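The values are calculated or read from the model by the stated rules, or taken from the named source; none is laboratory data. If you're wondering where the values come from, they're calculated on a predicted model, not measured in any experiment. In this analysis, Cβ positions are derived from the backbone assuming ideal geometry, glycine residues included, and neighbour counts consider all displayed protein chains. Only protein heavy atoms, including side chains, enter the accessible area calculation; ligands, DNA and RNA are left aside. Shrake-Rupley method; radii C 1.70, N 1.55, O 1.52, S 1.80 Å.
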Amino acid sequence: MKLVTTAALGVYALCALLPDRACTQVPTQAPVQLPGGLTPEQALELLRTNPQLAAIFRQRIQQSGLTPDQIRARLAAAGYPPNMLDAYLGQGGGGGSGDAGAAPSGQEVAAIQALGFGMLDGRAPPRPLDTGFVRVAGASVQADSLASGNYVFGVDVFRRSTTQFLPILSGPVPLDYRLGPGDQLVLIITGEVERAYTLPVERQGFILIPQVGQVFVANLTLERVRDVLYDRLGHIYSKLTRSPTAAIRFDLTVASVRANQISVVGEVRQPGAYQISALGTALTALYAAGGVTERANMRQIDIRRLGRPVATLDLYDYLLRGDTRNDIRLETGDVVFVPLHGRRVQLTGAVLRPAIYELKEGETLVDLVRAAGGFRANALLERVAVHRILPAGQRKPGPLPRAALDVALTVAPSEEHATSGQIGQDPKAEGSPGDIVVPALPLENGDSVVVDSIGPLTSGLFVAIAGMVKKPGRYPWQQGMTLRDLVTLARGPTVGAYLKEAEIARLPADPSRGQLTQTLRTPIDSTYLFERDAAGRYIGPPGLPFPGPGAPEVPLQPYDNVLILRQPDFALPRTVYLGGEVRFPGTYTLQSKDDRLRDLLDRAGGLTPQAYANGIRFYRPVAGAGRLGIDLPKVLKDRGHRDNMLLAAGDSIDIPAYEPTVRVEGSVNSPGSVTYVQGQGLDYYLNAAGGVSYRGDKGRTFVLQPNGNVRAVHKRGLLFGTSKPTPEPGAVVVVPVRDGSARSDVGTVLAGLAQVVGALTTVIVVIVTH
């Protein structure tokens, strides 16, 4: 455990209460700079008299983003009791036996500092990661920055709240684990003698067993200690042997491992001395120190023991391949040193993991692409660009002191064995390129490598197809592409396509004359069709010989626009509906484009005796035409009448039965149906409905005749009077409401009359009074 003076703990706690940057973090041996020239003793006094410190400690632990189990594991790894901070873990943390409102003890302050919760500088620890952000050098970086390669690969691996590099503190130890002072052993003797002992390894390296005495175990493996105990215990217990049937047996295990004091220095977030488990490795130490900085060399992390290097850790071995062979177990006094980075190169574009990578001596462009996981499927596998910072003596005037190198890539045949310069690709469809050969180009510090992506369709050579095909649009042009290939990509012609010739619009040979395109007609035939049965025979409208004579293949040029024409007289069947009082109502298919209303009635067997021809309802949904007014009696007498309409797809025709009523609606006193009386005019039906109301505008009355025609009242002037339509059986008479201006005039007149009446009343009253 760290030895921290009481006064120093007061300094640490005081720094937690002060504003940002109030205290400066310096090495442990140097004094902490306090504002106002406070001494450590004065800081301790402030600690004892400030009741807010416990609440601040609890807030710092909650803001760390760690779970209670993670807090306990880190405490144990640092050599503190796992439950030391339970009083500050909040609800669900297990609770502690101490008073959560009391001032923290000295050991609790030291444990808080050992966990790296920013107690020395007064700053809050990193908050949990937000969705779409990661922590890089203590700052939030959006995920799109990672996708573009603007971050140092591997720098954030130790900073994520879900990442744990802590060793297992309970359970069996590895076979090569060597015991030392601070380990706790458990010896259990069974059989004719039942004994159990907890045996700490003392500072001198021995354990003390009752009735046996001291047994030296330092630097011995657990298996070697068992051999020693067979000899020493055998002198006390004569029946204790190695035989499986021995009357007395024993078992020796490690209950808990010791804590080692190690140092982590260099380019780490929190350099200093740490107590970690004896099972801890260099990765454990880096995690305890908060991870590496952006300036760190992740390819050559030195582990030094007794002043000499004992191992070198390359984090890329672990991050890229999961290789931890050089992640050795640390011992007391070991130093983990992270130097400044060496040669770094940025790789962006169409690779699986764009980032800034560090290259070791001898590594080239091949190693860089491999570290990035290889190329993406949309990579333009022809060349890559290397942007290099020019030396000071070679720079020319201008804002960009860089040179661009064009590096060509080649495709190796798939049957060849991959060489050191080939970047393997995932298996693809037949005919796709095999491995990509990347040249072993040496890279320099600061280089930026860009792998281009295949651009959108509009950025390359293309051809287009329109008209009577199932999937019109633009398609990539390839050398040797034919019209048949393009029609196949468009999923073939649709029904009604003109399969004798197609039109191709092509860029002119000399566009300087103002010509945009030149068109040409090329023959095609039924072999372009897709619709075939199981025997390969054509399925479609009649009239096309199949198979065709075999039209010649037509090569296409870039930017050709192909038009598959429509058959001039082709049309799919069209239907109309005829219902009501006809002999054979139903949905009929038109026989020709010249079919008319009278033809349809003849096919339906004519009208029934109950049919009311003048009440025909003819609806046409095409172009929103709605109901059409048709004079059917005249159509029945004369096929050449203008109302003998040409029929269109979707027409709906209904012939109602005779209806001897006239309906009166709108601004009348008694709206409703009135019995039709032959020879009676409009006024008769208005009077039968109670007459026009005071709100009605009789001069704008109109009649909706049963055949759909609308007739309105017309004023012919003073000499000719008014023309009024005569309602027919089934007609509807509508009297509209007077418009707003008329109503306003009436209101004005009534208001004036009221004022006049009021004035007259006043005059009368005055006369009577006098």
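Let me know the shape class of region 273-333, please: from the alpha-carbon gyration tensor, a ≥ b ≥ c as square roots of the eigenvalues, rounded when a/c is under 1.5, otherwise prolate if a/b is greater than b/c, or oblate. Before the final figure, lay out each step's value.
Working: a/c = 1.43, a/b = 1.33, b/c = 1.08.
Rounded shape, in that the Cα axes give a/c under 1.5.
For a label point 7 Å from the Cα of I188 along Cα→C-beta, name the residues of region 232-270 whose backbone N is under 13 Å from it. Those under the cut-off are 249-255. In order along region 636-650, the Karplus-derived 3J(HN,Hα) couplings, from 6.51 cos²θ - 1.76 cosθ + 1.60 at θ = phi - 60°, round to 5, 7, 9, 5, x, 5, 5, 7, 7, 5, 5, 7, 10, 4, x Hz, and Gly and Pro are given as x.
Tell me whether region 325-410 comes out rounded, prolate or oblate; compute the Cα gyration tensor, take square roots of the eigenvalues as a ≥ b ≥ c, and use a/c under 1.5 as the rounded threshold. Here region 325-410 falls in the oblate category.
To the nearest 0.05, how large is the calculated FRET efficiency for D683 and S652 if R₀ is 45 Å and r is the Cβ-Cβ distance?
Numbers: r = 35 Å, r/R0 = 0.78.
My answer for the efficiency is 0.80.
Distance check, please: which entries in K360/K396; K634/K698; K637/K698; K471/K593; K471/K500 exceed 26 angstrom between their Cα atoms? Those over the limit are K360/K396; K634/K698; K637/K698; K471/K593. Measuring only protein heavy atoms, the 1.4 Å probe finds H235 accessible over about 140 Å².
Dipole size of region 203-243 about its Cα centre, with +1 on Lys/Arg Cβ and -1 on Asp/Glu Cβ: approximately 60 debye, rounded to the nearest 20.
Roughly how many debye, to the nearest 20, is the charge dipole of region 172-276 about its Cα centre, given +1 on each Lys and Arg Cβ, -1 on each Asp and Glu Cβ, and no other charges?
Working: 11 positive and 10 negative charges, 15 e Å.
Roughly 80 debye, rounded to the nearest 20.
State whether region 588-628 is rounded, prolate or oblate according to the following rule on the C-alpha gyration tensor (a ≥ b ≥ c being the square roots of its eigenvalues): a/c under 1.5 gives rounded; otherwise a/b larger than b/c gives prolate, and the remaining case gives oblate. It comes out oblate by the Cα gyration axes.
Just for region 174-249, what percent of DSSP beta bridges are antiparallel, to the closest 5? Don't skip to the answer; put the middle values down first.
Values: 13 of 14 bridges.
Looking only at bridges with both residues in region 174-249, the antiparallel portion is about 95 percent.
Stretch N150-F462 to full length: gain in nm at 0.36 nm per residue minus the Cα-Cα span? Provide the component values of the computation, followed by the final result.
Numbers: separation 312, 0.36 × 312 = 112.32 nm, distance 3.41 nm.
Here the segment from N150 to F462 would lengthen by 108.9 nm.
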